[in-house]
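Colleague: Got a structure here, written out as structure tokens. Questions coming.
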Amino acid sequence: MNIKTFTKEWGGRTLKAEVGRYAGHANGSCTLQYGETVVLATACMSSQTRDVDFLPLSVEYEERLYAAGRIKGSRFIKKEGRPTDEAVLSGRFIDRAIRPLFDARVRNEIQVVITVLAFDGENDPDQLGLIAASCALMISDIPWNGPIAVNRVGQIDGAFVLNPTYAQREQSLLDLAVAGTEERVIMVEAAGKEASEELTIEAFAFAQANIKPALDLILEIEKTVGRKKIVIEMADLNERTALIESVRPFVISRIEELFFAVPQASKIERVTAKAKLKKETEAELITRGIENDKIKMVTLGLDEILDNEVTRHILEKDHRVDGRALDEVRPLFAEVAVLPRVHGSGHFMRGETQVLSVVTLGAPGDEQTLDGMEVVGTRRFMHHYNFPPFSVGEAKPMRGPGRREIGHGALAEKALDPMMPSKEDFPYAIRVVSEVFSSNGSSSMGSVCGASLALMDAGVPIKEPIAGIAIGLASTPDMKKWKVITDLQDLEDGNGGMDFKIAGSKNGITAIQLDTKTIGLTHDILVEAIMRGKTARLTILQMMLTAIPAVRADLSPNAPRIVKIMINPDKIRDVIGPGGKMINEIIKTTGVSAIDIEDSGLVMITSVNAEAGKKALDWVKMLTAEPEIGTIYDGTVTRVMDFGAFVEIMPKKEGLVHVSEMAPYRVERVSDIVKVGDKVKVKLFEVDSMGRINLSMKQAPGNVYPEKPAGGSEDSSPRRPPKKPFHH
């Protein structure tokens, strides 16, 4: 093997790349190591073209549990199955970062695969995966306009931290991942704890100022081992371009009349106008004698002409297809409590984007179990996002959630998570499902708004409501002219555009996601987009508060109630019982939903019925209570002796009622007063030095005694204790 090794110091650690060790059949491959995290990236391209009208690029991110020294937790299936949500999100991040730098006209199948080989629990493999993918593409013969890299920025105790570890990210006010170059940004993912816009802008600048070492490493590797790029023949595309150019003036004239003479307010109107444009263009081509197979070649290019005209009108005239100003948010609508029976619901609309979010509160045991390579544990707050085909007026098969649904759901979850109450204050498992019923522009940000409304309606004590907005862009291919637009929709998300999603509270940012169809965004564009996002977000929040001004004081009557009690951890086994027998009996007998016990001794009883919850609580108290001096107990006689009776006052706890403490008169025989199985009231008046419990019946009101024997004294005189000590 001809292995070549390259290193670069970056963020206080060594970034190490190897080429030639693995995957020699790929067009390009490399391994990358940072700390003790290692990833392999490969890039392959087919020699054949596909008959499609898009770039056939796929990016796969493969987690391997051996990388973290783990075996799958499932009892029956030990090999890796379908990708975890975290792996899907990592693959999506890398895809969105590298895709804009391909020639969109290429029709050869391209596949980039990132495999995590080792994971140290500190250094993020998806960050390394993007840098390794960039390196594999650069040294391959696949045409690609790179390189790019990505770094993370945290902010701890007022100072920025480059490429923070997982532990540092937990402490950080901001967790920002920026993909691009020193001059331009292509992809962003960020989570914040209400980080200010000013701090976020500074973090972007810090990220770009410290990305050079990774880029230099890739360029050094390319210079040493890079292959000459393939020249892809595009004869058909060149012919198509010539045909499109010949008909472009006609198409533009029709676009002016169909889309801009009278602003089209709705997406349906624009879809109808697009269909009319296609039909009229086909008729024009027929009159020019163009063959049918070439007519299709032209009509497939109509979207590009329309995108360019939409962009031109924005850049030259500040004119949008629906007549809005560049900084104007579409009409807003919000309402809550729209569904019966559910624990909380919120309905949000922004223009034609419509989302219904529904909250379900569950027992602590309903938390999601995480069994991935990076993330192991539980998640108590979950947000899920559904995007049925009817939401965009389509009819197609409905299957499980894809990358889009998983990505949008996770983005909204990230935006809302910092606002969730602590488990100590609100021990429920919380699930929100956002149903997108109509989509035209950032339904993910619509789900943030709908979920906030639903959580407030459910009485979940979130710290602040969260809203989100998507900021767009119109720009020329060279990015010399550009304008930022607020609240983008359908036709505004084409070439030269961006989808800059920003979510947060009135105090600051909680989540960002950015992708772009440009060569990359400058710092000036980022600054304007972030500040536009703040203005729009505050407008939306103000409207949301008209629907529900504050979190409801009480939970829905349909929601379960959780009662908590702290017990001695040594008593946990008494509540659970052998093989769970006792806890299952409590649940079955009382009818509560669940009983969850933590190692600290915290017992949480979940029940829709308050009375059932009280019964279960009393049962747990009885099982775990410690005897207290001065307390009166309802007891059961378990043994009768000559000198007194033993009475059980709680499970596995009994004490002695000496004969002198049995009645308010002298007792000759214990059996005259009690027998085994009798229910009596007793007062605990002493626990002696040996831990023995001494009880009194005569000091406990409520006992019924036989008539006093004739000649008996009013009270029993203390008797001399037995010569030999007794044990109980």
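The values are calculated or read from the model by the stated rules, or taken from the named source; none is laboratory data. Keep in mind it's a predicted model, so treat the numbers as computed, not measured. Glycine also receives a Cβ, built like all others from the backbone with ideal geometry; neighbour counts cover every protein chain displayed. SASA here: full protein model, heavy atoms, side chains in, ligands and nucleic acids out. Shrake-Rupley method; radii C 1.70, N 1.55, O 1.52, S 1.80 Å.
Colleague: May I ask for the distance between the Cα centers of the stretch 470-515 and the stretch 158-191, given as a whole number of Å?
Modeller: So the two Cα centres are separated by 19 Å.
Colleague: Just to confirm the filter: which GluC sites (Glu not before Pro) across the stretch 407-511 are DSSP coil and have at most 15 other Cβ within 10 angstrom of their Cβ?
Modeller: GLU424
Colleague: Along Cα→Cβ, 7 Å out, is where each label goes; now give me the distance between the ones at MET1 and LYS588 in nm to one decimal.
Modeller: Inter-label distance under the simple model: 5.9 nm.
Colleague: I'd like the GluC sites (Glu not before Pro) in the stretch 30-114 restricted to DSSP loop residues with at most 12 other Cβ atoms within 10 Å, sorted by number.
Modeller: The qualifying sites are GLU36.
Colleague: So which of LYS78/LYS564; LYS581/LYS681; LYS278/LYS396; LYS16/LYS212; LYS274/LYS517; LYS681/LYS708 end up more than 25 Å apart by C-alpha? Write out the running numbers ahead of the final one.
Modeller: Values: LYS78/LYS564 37 Å; LYS581/LYS681 29 Å; LYS278/LYS396 23 Å; LYS16/LYS212 15 Å; LYS274/LYS517 22 Å; LYS681/LYS708 19 Å.
Beyond 25 Å between Cα atoms: LYS78/LYS564; LYS581/LYS681.
Colleague: Turning to a different aspect of this structure: Where the centre of each part is set by its Cα atoms, how far does the stretch 17-37 sit from the stretch 79-143, in angstrom?
Modeller: Between the Cα centre of the stretch 17-37 and that of the stretch 79-143, the gap is 13 Å.
Colleague: Here's something else I'd like to know. Between beta-carbons, use under 13 Å as the cut-off and find the net charge around MET650, counting Lys and Arg +1, Asp and Glu -1.
Modeller: Numbers: positive: LYS571, LYS621, LYS652, LYS653; negative: ASP574, ASP618, GLU626, GLU628, ASP634, GLU648, GLU654.
Charge balance near MET650 sits at -3.
Colleague: Follow-up question, since we're still on this one. (i) 62, 33, 27; (ii) 69, 31, 21; (iii) 42, 29, 26: which one is semi-axes √(5λ) of the Cα gyration tensor in Å as calculated from this entry?
Modeller: Computing semi-axes √(5λ) of the Cα gyration tensor in Å and matching it to (i) 62, 33, 27; (ii) 69, 31, 21; (iii) 42, 29, 26 gives (ii).
Colleague: 222 nm [θ] for the chain, helices only, -39500 (n - 2.57) per DSSP H run of 4+, per residue, to 500?
Modeller: -9500 deg cm²/dmol, from helical runs alone.
Colleague: Further question: For LEU174, what accessible area in Å² do you get when you roll a 1.4 Å probe over the heavy atoms of the protein chains, rounding to the nearest 10?
Modeller: 0
Colleague: Find the centroid of the Cα atoms in the stretch 545-619 and in the stretch 410-458, then give the distance between the two in whole Å.
Modeller: So the separation of the two Cα centres works out to 25 Å.
Colleague: Hey, another quick one. What ³J(HN,Hα) values, in whole Hz, does the Karplus curve 6.51 cos²θ - 1.76 cosθ + 1.60 give for the stretch 186-201 when θ = phi - 60°, with x put for Gly and Pro?
Modeller: Those phi angles translate into 10, 9, 9, 10, 8, 10, x, 10, 6, 6, 5, 4, 5, 5, 4, 5 Hz.
Colleague: Could you give me the ³J(HN,Hα) list for the stretch 682-690, computed from phi with Karplus coefficients 6.51, -1.76, 1.60 and θ = phi - 60°, whole Hz, x at Gly and Pro?
Modeller: 9, 10, 7, 10, 7, 10, 6, 5, 9
Colleague: Counting alpha carbon pairs within less than 8 Å and at least 6 residues apart, what relative contact order, in whole percent, applies to the stretch 442-486? It would help to have the intermediate numbers written out before the result.
Modeller: On the way: 43 pairs, mean separation 14.6, N = 45.
With pairs under 8 Å counted, the relative contact order is 33 percent.
Colleague: Counting heavy atoms of the protein chains only and a 1.4 Å probe, report the per residue accessible area for the chain as a whole number of Å².
Modeller: About 46 Å² of surface per residue is accessible.
Colleague: Moving on to the next point. Report the trypsin sites (Lys or Arg not before Pro) located in the stretch 266-367 that are in a DSSP loop and have at most 13 other Cβ atoms inside 10 Å of their Cβ, or state none.
Modeller: Sites meeting the loop and neighbour criteria: ARG288, ARG341.
Colleague: Report the relative contact order of the stretch 220-328, percent, no decimals, based on alpha-carbon pairs under 8 angstrom and at least 6 residues apart. It would help to have the intermediate numbers written out before the result.
Modeller: Numbers: 57 pairs, mean separation 34.4, N = 109.
Rounded, it is 32 percent for the stretch 220-328.
Colleague: OK, next. Return the subset of LYS414/LYS506; LYS279/LYS501; LYS223/LYS501; LYS463/LYS501; LYS72/LYS614; LYS8/LYS193 for which the Cα-Cα distance in this structure is over 28 Å, preserving the input order.
Modeller: Distance filter (> 28 Å) returns LYS279/LYS501; LYS223/LYS501; LYS72/LYS614; LYS8/LYS193.
Colleague: Can you bin every Cα-Cα distance in the stretch 515-605 into 5 Å intervals starting at zero and give me the percent of pairs per bin, rounded to whole numbers?
Modeller: Computed distribution, short to long bins: 2, 10, 11, 12, 8, 6, 6, 6, 8, 9, 9, 6, 4, 0.
Colleague: Rounded to whole Hz and in sequence order, give me ³J(HN,Hα) for the stretch 358-364 from the Karplus expression 6.51 cos²θ - 1.76 cosθ + 1.60, θ = phi - 60°, writing x for Gly and Pro.
Modeller: With coefficients 6.51, -1.76 and 1.60, one gets 10, 9, 10, 9, x, 5, x Hz.
Colleague: Can I ask one more? How big is the accessible area of SER196 in square angstrom, nearest 10, if you roll a 1.4 angstrom probe over the protein chains?
Modeller: 40
Colleague: Using a cut-off of 14 Å between beta-carbons, work out the net charge of the residues near ALA559 (Lys and Arg +1, Asp and Glu -1, ALA559 not included). Let's see the in-between values first.
Modeller: Values: positive: ARG341, ARG431, ARG552, ARG561; negative: ASP366, ASP457, ASP554.
Counting the neighbours of ALA559, the net charge comes to +1.
Colleague: Over the chain, what is the mean sequence separation of C-alpha contacts under 8 Å (at least six apart), divided by residue count, expressed as relative contact order in percent?
Modeller: 9
Colleague: Same structure, new question: Give me the net charge of VAL687's neighbourhood, meaning all other residues with Cβ under 13 Å from the Cβ of VAL687; Lys, Arg count +1, Asp, Glu -1. Display every interim value, and only then the final one.
Modeller: On the way: positive: LYS653, LYS683, ARG692; negative: GLU626, GLU628, GLU654, GLU686, ASP688.
Here the count lands on -2.
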